[in-house]
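Participant: I have a structure I would like to understand better, so I am pasting it below and will then ask my questions one at a time.
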Amino acid sequence: MLDVTDHAAVIAFCDERSIGLVVIGPEAPLVAGLADDLRAAGIAAFGPSKAAAQLEGSKGFTKDLCERAGIPTAGYVRTASLADALVALARFKPPYVLKADGLAAGKGVIIAETRAEAEAALAAMFADAGAEVVVEEFMEGEEVSLFALTDGATIVPFGTAQDHKRVGESDTGPNTGGMGAYSPAPVLTPELRGEAITRILAPTVRTLADEGMPYSGVLYAGLMLTSEGPKLVEYNARFGDPECQVLMMRFEGDLGEYLLACAQNRLASLEPPRFSPETALTVVMAANGYPGIPEKGGAIDGIETAEAGGARVFHAGTALADGQLVANGGRVLNVTAIGDTLGEAQSKAYAAVDAIRFPTGFCRRDIGWREVERACGA
């Protein structure tokens, strides 16, 4: 198996097989500079440089960039000690938003309802030597995801989605890497999307280019729709999971063409990407214990039956053990369906979920609940 942390081995593998484009999906290789080393070896790579990937690799880096570029976001204090973090709490009202500075697989954010909870969480976060934490004000509003492709100059919108980060229904419990998503996200209207591109994405790309670290790849902006307009929650330097599943179910075209154009700095030469007007919805089936220590090894059956009804089942944390499909991670399956409406996509997805036998797993039963409530209230 190829070790992606061994950049020389990756380059040799590409040379031996005459690979013309490497698409770097996970965030860790991006932050480690794999894209830089591939480009230095003359191999086209889709994904930002190590310097630009700090947008995801460091919450503090992104907050500081927002301050320099005048990008709307939550007020914050970047701290490298528990003592400073405790002082920073006094600047904000509860609930308190606490973010680990580095990569945390989507689980590095804690929302503490009280000062006591915040102090305990900070003590745990600073238990690791060298830890850095961003203390933020809590933003009121609805969170939504906006995607764009960029080659460092041109920005091309690439769809919207709405994730469900909390482990429990009605968005309760701890944060996860995502328990389900749907696309498009109607709450991000064309007007709000335009405002977000103008006030958030465009100055981000421009500032990074001006500072000598042009961003090339997918720019995934987590936005909060506040009473003052869209504000940036955070950036991801990759498509994201489970948002990628619903985006790709709707995308109509040659994805490779767009990714290669990004890598070759010619995105402006392509026509805007096309997406189906239908809604795609995905439900994450996770192993019991997630987002803590997941129960591995549980048998999974019924995938073929689920897909026979038109759903697509994406494997995220599975393995084969003596011919039996088993759980091998926290988030195990993404059960995805498409329909003319969100309600239809939701019904199809949960019908497929119910066809899968996974007794040591669980899922949320309310993916898409906000949009369903809006439709019922219309």
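Participant: What are the residues in region 172-187 that are outside any strand (DSSP E or B) and within 17 Å of the chain's Cα centre (by Cα), if any?
Facilitator: THR176, GLY177, GLY178, MET179, PRO184, ALA185
Participant: Being surrounded by 23 or more Cβ atoms within 10 Å (Cβ to Cβ) and touching a Ser or Thr at 6+ places or on another chain (Cβ under 6 Å): is that true of ALA181 here?
Facilitator: For ALA181, the condition - surrounded by 23 or more Cβ atoms within 10 Å (Cβ to Cβ) and touching a Ser or Thr at 6+ places or on another chain (Cβ under 6 Å) - is met.
Participant: Check ILE293 against each of (1) of a type in the set (Val, Ile, Thr); (2) surrounded by 20 or more Cβ atoms within 10 Å (Cβ to Cβ); (3) without any contact (Cβ under 8 Å) to a residue 24 or more places away in the chain and name the one condition it does not meet.
Facilitator: ILE293 satisfies all of (1) of a type in the set (Val, Ile, Thr); (2) surrounded by 20 or more Cβ atoms within 10 Å (Cβ to Cβ); (3) without any contact (Cβ under 8 Å) to a residue 24 or more places away in the chain except (2).
Participant: Here is a check on your reading of the model: is MET224 within 24 Å of GLU136 (Cβ to Cβ) and in contact (Cβ under 8 Å) with a residue 60 or more places away in the chain?
Facilitator: Answer is yes for this residue.
Participant: Quick check on region 237-248: of everything there that is touching a Leu at 6+ places or on another chain (Cβ under 9 Å) and open to solvent by 20 Å² or more (accessible area, probe 1.4 Å), which residue is modelled with the highest pLDDT?
Facilitator: Going through the qualifying residues, I end up with MET248.
Participant: Considering only residues that are in a helix (DSSP H, G or I) and open to solvent by 30 Å² or more (accessible area, probe 1.4 Å), look in region 49-68 and name the one that is nearest to ALA131 (Cα to Cα).
Facilitator: Per the stated criteria, the residue is LYS59.
Participant: Given (1) touching a strand residue (DSSP E or B) at 6+ places or on another chain (Cβ under 8 Å); (2) surrounded by fewer than 17 Cβ atoms within 10 Å (Cβ to Cβ), where does CYS262 come up short, assuming only one miss?
Facilitator: (2)
Participant: Can I ask one more? Any idea which of ALA131, ALA121, ALA45, ALA127 is under 29 Å from PRO242 (Cβ atoms), assigned to a loop (DSSP other than H, G, I, E, B), small (Gly, Ala, Ser) and over 19 Å from the mean Cα position of the chain (by Cα)?
Facilitator: ALA131
Participant: Another one. Just need a number here: residues in region 303-336 that are buried (at least 17 other Cβ atoms within 10 Å of the Cβ), free of Cβ contacts under 8 Å to residues at least 60 places away in the same chain and touching a helix residue (DSSP H, G or I) at 6+ places or on another chain (Cβ under 6 Å).
Facilitator: Number satisfying all stated conditions: 4.
Participant: I need the full set of residues from region 28-37 which are surrounded by fewer than 24 Cβ atoms within 10 Å (Cβ to Cβ) and either over 19 Å from the mean Cα position of the chain (by Cα) or not in a helix (DSSP H, G or I) (or both), in order please. Before you say what the answer is, go through the steps one by one.
Facilitator: The first filter runs over region 28-37 and keeps only residues surrounded by fewer than 24 Cβ atoms within 10 Å (Cβ to Cβ), leaving 28-29, 31-33, 36-37.
Within region 28-37, ALA32, GLY33, ASP36, ASP37 meet the criteria.
Participant: Any residue that is more than 15 Å from LEU149 (Cα to Cα), touching a helix residue (DSSP H, G or I) at 6+ places or on another chain (Cβ under 7 Å) and modelled with pLDDT of 95 or more - is there at least one of those in region 267-275?
Facilitator: To start, the set of residues in region 267-275 that are more than 15 Å from LEU149 (Cα to Cα) comprises none.
No, because not a single residue in region 267-275 is more than 15 Å from LEU149 (Cα to Cα), touching a helix residue (DSSP H, G or I) at 6+ places or on another chain (Cβ under 7 Å) and modelled with pLDDT of 95 or more.
Participant: May I pose another question? Specify the residue that is most open to solvent (accessible area, probe 1.4 Å); the eligible residues are those in region 358-374 that are within 23 Å of the chain's Cα centre (by Cα) and among the β-branched types (Val, Ile, Thr).
Facilitator: The residue in question is VAL372.
Participant: Cβ-Cβ below 7 Å, separation at least six or inter-chain, first residue in region 195-212 and in a helix (DSSP H, G or I), second among the hydroxyl-bearing types (Ser, Thr, Tyr): which pairs?
Facilitator: Here the result reads VAL205/THR150; VAL205/TYR215; LEU208/TYR215, each pair linking region 195-212 to a residue that is among the hydroxyl-bearing types (Ser, Thr, Tyr).
Participant: Looking at GLU252, GLU234, GLU278, which is the one that is among the acidic types (Asp, Glu), open to solvent by less than 50 Å² (accessible area, probe 1.4 Å) and in contact (Cβ under 8 Å) with a residue 12 or more places away in the chain?
Facilitator: Values: GLU252 fails: open to solvent by less than 50 Å² (accessible area, probe 1.4 Å); GLU278 fails: open to solvent by less than 50 Å² (accessible area, probe 1.4 Å).
Selected residue: GLU234, the only one of GLU252, GLU234, GLU278 that is among the acidic types (Asp, Glu), open to solvent by less than 50 Å² (accessible area, probe 1.4 Å) and in contact (Cβ under 8 Å) with a residue 12 or more places away in the chain.
Participant: Another one. Would you say GLY25 is open to solvent by less than 70 Å² (accessible area, probe 1.4 Å), in contact (Cβ under 8 Å) with a residue 12 or more places away in the chain, within 27 Å of GLY229 (Cβ to Cβ) and outside any strand (DSSP E or B)?
Facilitator: So GLY25 does not fit the description; no.
Participant: Related question: Any residue in region 97-117 that is part of a loop (DSSP other than H, G, I, E, B), among the hydrophobic types (A, V, I, L, M, F, W, C) and crowded, with 20+ Cβ neighbours inside 10 Å? Even if it seems obvious, please write down each step before you answer.
Facilitator: Our first condition is that a residue be part of a loop (DSSP other than H, G, I, E, B); within region 97-117, this holds for 101-108, 113-114.
Restricting the remaining residues to those that are among the hydrophobic types (A, V, I, L, M, F, W, C) gives 103-105.
Next cut, crowded, with 20+ Cβ neighbours inside 10 Å only: none.
No, because not a single residue in region 97-117 is part of a loop (DSSP other than H, G, I, E, B), among the hydrophobic types (A, V, I, L, M, F, W, C) and crowded, with 20+ Cβ neighbours inside 10 Å.
Participant: Here's a follow-up. Could you give every pair whose Cβ atoms fall below 7 Å, whose first residue belongs to region 6-18 and is of a type in the set (Val, Ile, Thr), and whose second residue is surrounded by 12 or more Cβ atoms within 10 Å (Cβ to Cβ) and modelled with pLDDT of 95 or more, counting only separations of at least 6 or pairs across chains?
Facilitator: Short answer, once both residue conditions are applied: VAL10/LEU34; ILE11/ASP37; ILE11/LEU38; ILE11/ALA41; ILE11/ILE43.
Participant: Let me ask another. Answer with yes or no whether ARG17 is over 30 Å from THR226 (Cβ atoms), loosely packed, with under 15 Cβ neighbours inside 10 Å, over 26 Å from the mean Cα position of the chain (by Cα) and not hydrophobic (A, V, I, L, M, F, W, C). Lay out the reasoning, then the answer.
Facilitator: Details: over 30 Å from THR226 (Cβ atoms): yes; loosely packed, with under 15 Cβ neighbours inside 10 Å: yes; over 26 Å from the mean Cα position of the chain (by Cα): yes; not hydrophobic (A, V, I, L, M, F, W, C): yes.
In short, yes.
Participant: Same structure, new question: I'm told ASP128 meets every condition in (1) buried (at least 18 other Cβ atoms within 10 Å of the Cβ); (2) free of Cβ contacts under 8 Å to residues at least 60 places away in the same chain except one. Can you identify the failing condition by its number?
Facilitator: (1)
The values are calculated or read from the model by the stated rules, or taken from the named source; none is laboratory data. All figures in this text were calculated on a predicted structure; none of them were measured in a lab. Note that each Cβ is placed from the backbone with ideal geometry, even for glycine, and that neighbours are counted across all protein chains shown. Surface accessibility is based on the protein's heavy atoms, side chains included, excluding ligands, DNA and RNA. Shrake-Rupley method; radii C 1.70, N 1.55, O 1.52, S 1.80 Å.
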